[in-house]
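Take a look at the structure set out below.
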Amino acid sequence: MNQKVKITSKANKKDTRALKSKQFDIVEIDVNELPYVFQFKIWQTNSKSMFILVKEPSKILNSLKKDDITNMKYYNSISSESAMMDTKIEYITKDEHGRFKGHYLVGLKILKNHRNIEVIP
């Protein structure tokens, strides 16, 4: 049985910090203009904040813009927990020569002042 818990912006800071600290390794992005959702592995390196890799010809690139804020669904593949969180697109950078050649690095930042967080265990 799925249990849904909603935390609104009135939730205390401790609850919000605890939720953000969970390790999510997959993010799902639903783009209104496209008939399907996109799932990406979440990457983090010492030199970069949290980001996803998007292949250069992907249709989602036309829908992602720097500084956009959208509600994204985050998953933990081990515990199967998920959460919907407002997320800002921090940067979109093409990697032409590095480890991720042929991909765009799309930086994600989970916002501190969530309008709505829905946890689905």
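The values are calculated or read from the model by the stated rules, or taken from the named source; none is laboratory data. Quantities reported herein were computed from a predicted structural model and do not represent experimental measurements. Note: ideal-geometry Cβ built from the backbone for every residue, glycine included; neighbour counts use all protein chains shown.
Residues in the stretch 56-90 that are within 14 Å of I29 (Cβ to Cβ) and of a type in the set (D, E, K, R) were compared, and the one that is farthest from the chain's Cα centre (by Cα) is K59. Considered as a group, the residues in the stretch 77-90 that are modelled with pLDDT under 90 and polar (S, T, N, Q) include one that is surrounded by the most Cβ atoms within 10 Å (Cβ to Cβ), and that residue is S82. Residue by residue through the stretch 90-111, note down the ones that are part of a strand (DSSP E or B) and closer than 13 Å to V54 by Cα. Across the stretch 90-111, the qualifying residues are Y91, I92, T93, K94, D95, H103, Y104, L105, V106, G107, L108. Test V54 against the criterion of being of a type outside the set (F, W, Y), at pLDDT below 95, outside any loop (DSSP other than H, G, I, E, B) and crowded, with 16+ Cβ neighbours inside 10 Å, and give yes or no. Taking the combined requirement at face value, the residue does not satisfy it. Restricting the first member to the stretch 85-99 and to residues that are closer than 17 Å to P57 by Cα, and the second to residues that are surrounded by fewer than 13 Cβ atoms within 10 Å (Cβ to Cβ) and of a type outside the set (A, V, I, L, M, F, W, C), the beta-carbon pairs closer than 8 Å and six or more apart or on different chains are I92/K65; I92/K66; K94/E56; D95/K101; D95/G102.
Per the listing I69, I60, the residue uniquely surrounded by fewer than 16 Cβ atoms within 10 Å (Cβ to Cβ), out of contact with any Gly (no Cβ under 9 Å at 6 or more places or on another chain), hydrophobic (A, V, I, L, M, F, W, C) and modelled with pLDDT of 80 or more is I69.
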